[in-house]
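Below is one structure, written out as structure tokens; the observations come after it.
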């Protein structure tokens, strides 16, 4: 039999730091709206220990800035996956943010402006339920890629436009956000076909045409209404844009044109050209660190 007389001296010890929140919980499939029979949901990442609820403890009462993530899908060209990017967002939650990955209707279900109405409804829901989900409603950022980037820009630029708010839930809440990150989102639908692309953006079957309900060049007013560049104004929230110079889906020039319009209007805007990158999420550490620094500056330091 082994001699265990000195076992206690071999036990290793680690201290538990009291009052430090360290458990990032996924709260999935929260319905934030039901529109025309469609249930729209979001997924949250938040410092929340599920053991607190199990033992009827108060749990974490702190408030954190909110980052809303809008997953691209060609506005329904492909199926939107609101869980797909969550693994990349856990690090942001650990830095002290609540993360919401938000669903919006695809163009096969409803044409524009249904998508921006859905996103704005999600913002109002999250602000109305801020206390329940540990959210600081005065510190909200939005981030999206591709069609999600397009909607992130529209959200930040069109506060107060009634048509884009829609007659939806929580009308008393503001949709104002404090910071925007756009990853390679379309900004001017009428000019997308002017640059090399794997898509014929003017085709009636293109994602842009399906979004507005008809061929882009035959529905120019609708295309303009759905283009973020039409809503540039001097009081936009700070905007960080990132776009690959090898993007063969949304031309890099879309971000250049938009960036120039923002700067001409006097806005706080930054554009990073990601050399050698195509139409793909910028998940390498240095690109994600750029996003972290941006949100830290505008949602935590400010």
ask   = Looking at the range 264-280, which of the residues that are outside any strand (DSSP E or B) and in contact with a strand residue (DSSP E or B) (Cβ under 6 Å, 6 or more places away or on another chain) is surrounded by the fewest Cβ atoms within 10 Å (Cβ to Cβ)?
value = 278
Of all residues in the range 36-48 being surrounded by fewer than 18 Cβ atoms within 10 Å (Cβ to Cβ) and either part of a strand (DSSP E or B) or free of Cβ contacts under 8 Å to residues at least 40 places away in the same chain (or both), the one that is nearest to the chain's Cα centre (by Cα) = 41
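Hey, any hits in the range 216-232 for a residue that's part of a helix (DSSP H, G or I), more than 18 Å from the chain's Cα centre (by Cα), without any contact (Cβ under 8 Å) to a residue 60 or more places away in the chain and within 28 Å of residue 94 (Cα to Cα)?
Among the residues of the range 216-232, not one is part of a helix (DSSP H, G or I), more than 18 Å from the chain's Cα centre (by Cα), without any contact (Cβ under 8 Å) to a residue 60 or more places away in the chain and within 28 Å of residue 94 (Cα to Cα), which makes the answer no.
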task = Out of the residues in the range 281-296 that are outside any loop (DSSP other than H, G, I, E, B) and without any contact (Cβ under 8 Å) to a residue 40 or more places away in the chain, state the one that is farthest from residue 92 (Cα to Cα).
result = 286
message = Among the residues in the range 162-179, are any in a loop (DSSP other than H, G, I, E, B), at pLDDT below 95 and within 22 Å of residue 208 (Cβ to Cβ)?
response = yes
request  = Of the numbered conditions (1) closer than 30 Å to residue 284 by Cα; (2) touching a helix residue (DSSP H, G or I) at 6+ places or on another chain (Cβ under 6 Å); (3) surrounded by fewer than 18 Cβ atoms within 10 Å (Cβ to Cβ), residue 258 fails exactly one; give the number of that condition.
outcome  = (3)
task = Evaluate the following for residue 56: is it assigned to a loop (DSSP other than H, G, I, E, B), touching a residue at least 24 places away in the same chain (Cβ under 8 Å) and more than 22 Å from residue 124 (Cβ to Cβ)?
result = no
task = Test each condition in (1) surrounded by fewer than 15 Cβ atoms within 10 Å (Cβ to Cβ); (2) without any contact (Cβ under 8 Å) to a residue 40 or more places away in the chain; (3) not in a loop (DSSP other than H, G, I, E, B) for residue 20 and report the one that comes out false.
result = (3)
Some residue of the range 91-99 being free of Cβ contacts under 8 Å to residues at least 60 places away in the same chain and under 19 Å from residue 27 (Cβ atoms) = yes
key: Identity of the residue in the range 188-215, within 17 Å of residue 109 (Cα to Cα) and under 21 Å from the mean Cα position of the chain (by Cα), that ends up surrounded by the fewest Cβ atoms within 10 Å (Cβ to Cβ)   = 207
task = Looking for whichever is surrounded by fewer than 20 Cβ atoms within 10 Å (Cβ to Cβ) and closer than 21 Å to residue 282 by Cβ here; the options are 86, 70. Which one fits?
result = 86
query = Inside the range 118-137, can you point out the residues that are touching a helix residue (DSSP H, G or I) at 6+ places or on another chain (Cβ under 8 Å), outside any loop (DSSP other than H, G, I, E, B) and closer than 14 Å to residue 98 by Cβ?
reply = 123, 135, 137
task = Evaluate the following for residue 76: is it surrounded by 15 or more Cβ atoms within 10 Å (Cβ to Cβ), assigned to a loop (DSSP other than H, G, I, E, B) and in contact (Cβ under 8 Å) with a residue 60 or more places away in the chain?
result = yes
query = Across the range 167-187, what is the number of residues that are closer than 27 Å to residue 267 by Cα and surrounded by 17 or more Cβ atoms within 10 Å (Cβ to Cβ)?
reply = 13
task = Filter the range 103-138 for residues that are under 14 Å from the mean Cα position of the chain (by Cα) and either surrounded by fewer than 22 Cβ atoms within 10 Å (Cβ to Cβ) or closer than 20 Å to residue 163 by Cα (or both) and give the result.
result = 103, 104, 115, 116, 118, 119, 120, 121, 122, 123
query = Looking only at the range 190-199, which residues are part of a loop (DSSP other than H, G, I, E, B) and out of contact with any helix residue (DSSP H, G or I) (no Cβ under 7 Å at 6 or more places or on another chain)?
reply = 196, 197, 198, 199
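The values are calculated or read from the model by the stated rules, or taken from the named source; none is laboratory data. Not measured: the values here are computed from a predicted model. Positions of Cβ are backbone-derived with ideal geometry, glycine not excepted, and every protein chain shown enters the neighbour counts.
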